[in-house]
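See below for the structure under consideration.
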Amino acid sequence: MIATTPVARWTWGRDNQAADKVAACLHELLTAYTVLARHRLASDVPNVSLSVHEAGKSNSYLFQGNFELDATSPSVDIAHQLADQVKNSLHPGPIGAVYAYAKSTGVLRSGNDALHGGELFRLAAFVDYVSTDLVTFSDLWMPYDLKGRAQPAVYAANAPRLAAALRDLAEALGSETDPDDPTYFGKPTETGIDNYFDDGIASDVWSRFEIPYRYNEFTHAPGFGRIGYRRSADGEVQYVPVHGEHGVLGYLWASDTENAASFEPRDVEDDESYTAGLQWLDRLRSAHDRGLSPSQALAELAGLTENNKPGTLDLASLRDIANE
């Protein structure tokens, strides 16, 4: 299972005043990525995002950019080549903190089967104080999945890979593995991740934390409700059903009176419905930024015509229908 927020995080850090911060940051990131690739925890072409901050100005950037490398196990020599490219594009100003980031799609295993998995890890390197972070959103490494169900075959196939990678990362980065604080989903250790238990039974942290987090995205606008349309309304709304391959995924709705519009998913736990809902939220945000009213956004996005009008219902009742 893949959570929306981190399941666990580990950090490696040391106090090292690098003469070339950009090269040092990229070197740390690519060194760590090479270790993940060796254990098949990273199997795709790495796409690296890099930002260089101006010293003393956290919101001022001397450089921001992305690099797609041409090898899945990049040589650390590439770090110096990329650093030269960055330095040729830097805006004037003293270099402050440097941050590099990469996602990894790896191979997941279940028993003797090896499958190309989704995003298993995110890597980040930060140079002011030299630090490398590894974050996982997956429960493949845990004895029980995030719903509290035992997964002995999955755990046996994947936990040793993570333990070996954490050990090798410590050696490659010259720093001890520092497990971060427990998350909602698990407790990172130096060798893996421990589950939570309630009275001796593995906890269903998926239902307790992941589902509410997902649903919150559809009911609360970002920026404390100040960005885009409001995502909740007290009165009547216009709505249209949104269909997917297996039926109704949810309902797109709008209210001009309350300057509100959102997507009401039928099953936020279903990845198809959840992903589709996020896409509709992005489209609504774009419509808002173009100055459309909520009803105009609904009409445009749903392709409404004079002969194809939306339904009307109070939002509480619409949410009841979505939950049926």
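The values are calculated or read from the model by the stated rules, or taken from the named source; none is laboratory data. Remember, it's a predicted structure, so these values are computed and weren't measured experimentally. Note that we place each Cβ from the backbone using ideal geometry, even for glycine, and neighbour counts take in every protein chain shown. The area values use the complete protein model at the heavy-atom level, side chains included, leaving out ligands, DNA and RNA. Shrake-Rupley method; radii C 1.70, N 1.55, O 1.52, S 1.80 Å.
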Among all residue pairs at least 6 apart or on different chains, which show Cβ distances below 6 Å where the first residue, located in the stretch 283-307, is without any contact (Cβ under 8 Å) to a residue 40 or more places away in the chain and the second is among the small types (Gly, Ala, Ser)?
Ala287/Ala297
Of the residues that sit in the stretch 132-142 and are of a type outside the set (Val, Ile, Thr) and open to solvent by less than 10 Å² (accessible area, probe 1.4 Å), which one is farthest from Leu29 (Cα to Cα)?
Met142
Within the stretch 197-208, is even one residue part of a loop (DSSP other than H, G, I, E, B), in contact with a helix residue (DSSP H, G or I) (Cβ under 9 Å, 6 or more places away or on another chain) and open to solvent by 70 Å² or more (accessible area, probe 1.4 Å)?
no
Pairs, please: C-beta under 8 Å, at least 6 apart or cross-chain, first residue more than 14 Å from Asp139 (Cα to Cα) and in the stretch 174-186, second surrounded by fewer than 18 Cβ atoms within 10 Å (Cβ to Cβ) and of a type in the set (Val, Ile, Thr)?
Pro179/Thr189
Might you check whether a residue that is in contact with a Lys or Arg (Cβ under 6 Å, 6 or more places away or on another chain), open to solvent by 30 Å² or more (accessible area, probe 1.4 Å) and of a type outside the set (A, V, I, L, M) occurs anywhere in the stretch 77-92?
no
When residues of the stretch 128-155 are limited to those that are modelled with pLDDT under 95 and among the small types (Gly, Ala, Ser), the one farthest from Ala102 (Cα to Cα)
Ala153
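Rundown of residues vs (1) of a type outside the set (A, V, I, L, M, F, W, C); (2) open to solvent by less than 30 Å² (accessible area, probe 1.4 Å); (3) farther than 28 Å from Gly291 by Cβ, yes/no style:
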| residue | (1), (2), (3) |
| --- | --- |
| Arg231 | yes, no, no |
| Val240 | no, yes, no |
| Ala260 | no, yes, no |
| Phe263 | no, yes, no |
| Arg266 | yes, no, yes |
For the stretch 283-297, the count of residues that are open to solvent by 30 Å² or more (accessible area, probe 1.4 Å) and farther than 12 Å from Leu252 by Cα equals 9
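Listed here are the residues, each with its yes/no results for (1) within 25 Å of Ala19 (Cα to Cα); (2) surrounded by 16 or more Cβ atoms within 10 Å (Cβ to Cβ); (3) in contact with a Pro (Cβ under 6 Å, 6 or more places away or on another chain).
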position	(1), (2), (3)
Val130	yes, yes, no
Tyr144	no, yes, no
Ala157	no, yes, no
Leu162	no, yes, no
Leu169	yes, yes, no
Glu176	yes, no, no
Lys187	no, yes, no
Is it fair to say Leu318 is open to solvent by less than 40 Å² (accessible area, probe 1.4 Å), in contact (Cβ under 8 Å) with a residue 40 or more places away in the chain and within 22 Å of the chain's Cα centre (by Cα)?
no
Return the residues of the stretch 209-229 that are open to solvent by 60 Å² or more (accessible area, probe 1.4 Å) and either of a type outside the set (A, V, I, L, M, F, W, C) or part of a loop (DSSP other than H, G, I, E, B) (or both); say none if nothing qualifies.
Pro212, Tyr213, Tyr215, Asn216, His220, Phe224, Arg226, Ile227
When the residues of the stretch 126-156 are filtered to those that are of a type in the set (A, V, I, L, M) and assigned to a loop (DSSP other than H, G, I, E, B), which remaining residue is farthest from the chain's Cα centre (by Cα)?
Met142
Report, by residue number, each residue of the stretch 1-45 that is of a type outside the set (D, E, K, R) and over 22 Å from Ile78 (Cα atoms).
Met1, Ile2, Ala3, Thr4, Thr5, Pro6, Val7, Ala8, Trp10, Thr11
Hits in the stretch 1-52 (condition: within 30 Å of Glu217 (Cα to Cα), open to solvent by less than 50 Å² (accessible area, probe 1.4 Å) and either in a strand (DSSP E or B) or among the acidic types (Asp, Glu) (or both))
Ala8, Trp10, Thr11, Asp44, Val48, Ser49, Leu50, Ser51
Of the conditions (1) touching a helix residue (DSSP H, G or I) at 6+ places or on another chain (Cβ under 9 Å); (2) touching a residue at least 40 places away in the same chain (Cβ under 8 Å); (3) under 23 Å from Arg214 (Cα atoms), the single one that Pro310 does not satisfy is (3)
